[in-house]
1. Using alpha-carbon pairs under 8 Å, 6+ residues apart, how would you state the relative contact order of region 21-91 in percent?
2. Using a Gaussian network for the chain with springs between C-alpha atoms less than 10 Å apart, which of these wobbles most: 14, 64, 141?
3. Tilt of helix 154-166 relative to the longest C-alpha principal axis of the chain, in degrees (0 to 90, nearest 10)?
4. Tell me, what HN-Hα J-couplings in whole Hz come from the Karplus equation 6.51 cos²θ - 1.76 cosθ + 1.60 at θ = phi - 60° for each residue of region 183-195, using x for Gly and Pro?
5. Based on the Cβ-Cβ distance of residue 209 and residue 235, what FRET efficiency does E = 1/(1 + (r/R0)^6) give at R0 = 22 Å, to the nearest 0.05?
6. Under 5 Å between amide hydrogens, which residues at least 5 positions from residue 33 or on another chain qualify, with H placed 1.01 Å from N in the peptide plane?
7. If the elastic network links every pair of Cα atoms under 10 Å, which of 130, 222, 77 fluctuates the most in the Gaussian network model of the chain?
8. Taking amide hydrogens as modeled 1.01 Å from N in the peptide plane, which residues meet the under 5 Å criterion relative to residue 219, leaving out close sequence neighbours?
Amino acid sequence: MNSSTTNEGPVISLRDVYRTYEMGDYTLNALNGVSLDIDRNEYLAIVGASGSGKSTMMNIIGCLDRVTSGDYLLNGRNVGEMNEAELATARNREIGFVFQSFNLLPRASALKNVMQPLVYRGIPRAERQRMAAEALERVGLGDRTDSLPNQMSGGQRQRVAISRALVGGPAILLADEPTGNLDSKTSSEIMALIDELHGQGQTIIMVTHEPDIAAHCERVIRLADGNVESDQRQVRRSA
Ligand SMILES: Nc1ncnc2c1ncn2[C@@H]1O[C@H](COP(=O)(O)OP(=O)(O)O)[C@@H](O)[C@H]1O
Ligand SMILES: [Mg+2]
């Protein structure tokens, strides 16, 4: 299922990572010396107060931002040594992003939205269509391929977004408050889907501030002031 199965070590390894902002007369360490390993098929929540560094860590893990110092190894490769083209390829192939606000193309059908990340890979159109239809099937939307985002409920839109994140077989599903815009019943349905994907072998990393959502995960990392305050394994709650 995953595109990168060659590396035996952790899928993510942060080693003494700093992300620093120069604020004129002082320096702010949004990440302040974080060291962390995440293995394949982990189901991880990143929690912590506003300003603790959650988004900064997600952006680094997702290759949207670079470390100021320290090392970030993704599938054993040092992200700090990649050029922009290699970074773009890593983002496209290794990471599937899911956001609170879905971020779908409003004028494109569900199928076209899911096909979109495959465009950059030189996969023929018919094959892209087949892969996207299969990915929509996987999230229970096999009958909504032609629907536009505004013809779907919030839960269905988030399913399309999850399908788009997974279509290329990424090593990691990276979700930032994936249920933040959904009512509690729909949130439960989305969490049941994410639980199922984890059960199928997907590695999942999720930022959340909701204890009910973090309870689905097997490991909870709490950030405070840009560092790991606690790192706990737990028995997960099923939906
Ligand atoms: N572009 C930026 N410039 C300056 N400071 C920033 C920037 N982005 C984030 N920060 C600071 O870094 C710290 C961590 O921010 P962030 O990662 O967004 O936290 P969280 O997502 O946990 O709320 C905060 O003090 C925030 O103000
Ligand atoms: Mg944030």
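Here, each number is a calculation from the coordinates, and none is a lab measurement. Every value quoted in this text rests on a predicted model; they were computed, and no experiment measured them. Every residue, glycine among them, receives a Cβ derived from its backbone with ideal geometry; neighbour counts consider all protein chains shown.
1. On the way: 39 pairs, mean separation 14.7, N = 71.
About 21 percent, as a whole number.
2. For the chain, modelled as a Gaussian network with Cα springs under 10 Å, the answer is 64.
3. Roughly 70 degrees, rounded to the nearest 10.
4. Result, ordered by residue: 5, 5, 5, 5, 4, 4, 5, 5, 5, 4, 5, 5, 4 Hz.
5. After rounding, the FRET efficiency stands at 0.55.
6. Under 5 Å from the amide H of residue 33: 17, 18, 19.
7. 130
8. 43, 45, 234
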